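J.: The structure under discussion is supplied below as structure tokens; questions concerning it will follow.
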Amino acid sequence: MNSCRAHKSFVNKVCVGHSPFARAAATQNMEGEKVGVLNRLFGYVYQIRLLGKRIKQWHRTVYYALKWMLILGVVVPAASITARSHRNNQFL
């Protein structure tokens, strides 16, 4: 039974206590505790989501046009950069 407790303690320290992801995603459970970066960023991303929901409620066609413009605005340049890097490294 002691080994089980020791194992849980070790797993908690290794997997949770010292994990960069766990620190980045930390929430504020009590006053004065630090809030992680991911948790702070989520607040801004969520505001964008709420704006999208308002646009969708106002005009679905405009919402989907904006959505696809944003998606293509990220995917096309990323694909272009990837293709260019593969072309440049082809003869190395």
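Bear in mind that the values in this text are calculations on the coordinates, not laboratory data. A quick note: this is a predicted structure, and the numbers were derived from the prediction, not measured. A quick note on method: Cβ atoms are made from the backbone with ideal geometry, for glycine too, and the neighbour counts reach across all protein chains shown.
J.: Calculated FRET efficiency, I48 and S85, Cβ-Cβ r, R0 30 Å, to nearest 0.05?
T.: 0.55
J.: Each residue of the range 52-64 in turn: what ³J(HN,Hα) in whole Hz from Karplus with 6.51, -1.76, 1.60 and θ = phi - 60°, glycine and Pro shown as x?
T.: Here the 3J(HN,Hα) series is x, 5, 5, 5, 4, 5, 6, 7, 4, 5, 5, 4, 5 Hz.
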